[in-house]
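Read through the structure below, which is laid out as structure tokens, and then see the notes.
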Amino acid sequence: MQPEIRFLGAGGAHDIRWGNSAALLRWSDKTYLIDCGFTVYPRLVAENLLEAIDAICITHLHDDHIGSLSALLYHRHFRCNMPPITILAGSEGVRTKLHTILHFLMGEVERFADLRLADQAEGPVVGLPTDGLHMPHMPSSAFLFQSAAGYLLYSGDIGCPVPCLQEPDWLKAHQPLWVFHDISFQRVPTHCYFEALYFLLEQGIPTWGYHCDPEAAPPDLRLPLVHTEFLLS
Ligand SMILES: [Zn+2]
């Protein structure tokens, strides 16, 4: 089985040509938008996908991940007359800070969104907090989607492999598993160096890299990128 996931963009923060990293995931009969950076809302409007989203998962609070979230919320509320949409945060820090940001931008957040911790919402989505592992001041999380058919892990931005991936018992208990991981082709503290994920490939765990410019990839790259297989075109 291949997960039903389409990326609206797969670039790093400044790889505008590839769009901000964000995905539409069809999982257990619901459509999740994962992140909503500044290139995402126009893309959703152009593709007529704004009303198809059932819930939004936010990995962290940089502009390339939430930069058009309020535009999306306003559009659904005022133009489409839709009820508040569920927004799932994977860590308490993301939830409280995102609420503050949206409150400053939009006033009464609850008119537009039901913002909650993924673990307190009913459904197949679990937050894996990674606070501080992307940037010291930044709350962040990965997300794990679970179903009878398997598991999908979406890393968000993080300077190392998501910690649970490095626990053999966790890996064994979560099969089959598909991994979509942020990567960098340079060693930086904020994103995962691509070679640090090769151990997953060696264990036969399907893993794809995103949040990068594929034209900067080394010629011997072994990690498949979402740009070729999963980019919505
Ligand atoms: Zn970031």
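What follows is calculated from the coordinates using simple rules that are stated; it is not laboratory data. The structure presented is a predicted model; accordingly, all values stated were derived computationally and were not measured. Neighbour counts are summed over all protein chains in view; Cβ atoms, including those assigned to glycine, are modelled from backbone coordinates with ideal geometry.
Being closer than 25 Å to Tyr151 by Cα and free of Cβ contacts under 8 Å to residues at least 40 places away in the same chain holds for only one residue in Ala89, Ala52, Ala10, Ala46, and it is Ala52. Could you go through the range 210-233 and let me know if any residue there is buried (at least 23 other Cβ atoms within 10 Å of the Cβ), assigned to a strand (DSSP E or B) and not hydroxyl-bearing (Ser, Thr, Tyr). Scanning the range 210-233, I find no residue that is buried (at least 23 other Cβ atoms within 10 Å of the Cβ), assigned to a strand (DSSP E or B) and not hydroxyl-bearing (Ser, Thr, Tyr), so the answer is no.
Looking at the range 203-222, which of its residues are more than 19 Å from Tyr151 (Cβ to Cβ) and either touching a Ser or Thr at 6+ places or on another chain (Cβ under 7 Å) or more than 16 Å from the ligand (Cβ to nearest atom) (or both)? If the condition is that a residue be more than 19 Å from Tyr151 (Cβ to Cβ) and either touching a Ser or Thr at 6+ places or on another chain (Cβ under 7 Å) or more than 16 Å from the ligand (Cβ to nearest atom) (or both), then His211, Cys212, Pro214, Glu215, Ala216, Ala217, Pro218, Pro219, Asp220, Leu221, Arg222 are the ones that fit.
Condition check for Tyr41 on (1) more than 15 Å from Phe7 (Cβ to Cβ); (2) within 16 Å of the ligand (Cβ to nearest atom); (3) crowded, with 20+ Cβ neighbours inside 10 Å; (4) free of Cβ contacts under 8 Å to residues at least 60 places away in the same chain: one failure, at (2). For the range 176-197, the set of residues classified as farther than 17 Å from Trp27 by Cβ and either free of Cβ contacts under 8 Å to residues at least 24 places away in the same chain or loosely packed, with under 14 Cβ neighbours inside 10 Å (or both) consists of Gln186, Arg187, Val188, Pro189, Tyr193, Glu195, listed by residue number. If you filter the range 44-64 down to residues that are in contact with a Phe, Trp or Tyr (Cβ under 9 Å, 6 or more places away or on another chain) and closer than 23 Å to Val126 by Cβ, you find that the one that is surrounded by the fewest Cβ atoms within 10 Å (Cβ to Cβ) is Asp54.
Each row is one residue, and each column tells you yes or no for (1) within 16 Å of the ligand (Cβ to nearest atom); (2) without any contact (Cβ under 8 Å) to a residue 40 or more places away in the chain; (3) under 21 Å from Thr31 (Cα atoms); (4) surrounded by fewer than 15 Cβ atoms within 10 Å (Cβ to Cβ).
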{"position": "Lys97", "(1), (2), (3), (4)": "yes, no, no, no"}
{"position": "Ala142", "(1), (2), (3), (4)": "yes, no, yes, no"}
{"position": "Gly150", "(1), (2), (3), (4)": "no, no, yes, yes"}
{"position": "Pro161", "(1), (2), (3), (4)": "no, yes, no, no"}
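Scanning the range 64-86 for residues that are without any contact (Cβ under 8 Å) to a residue 40 or more places away in the chain and within 16 Å of the ligand (Cβ to nearest atom) turns up Ile66, Ser68, Leu69.
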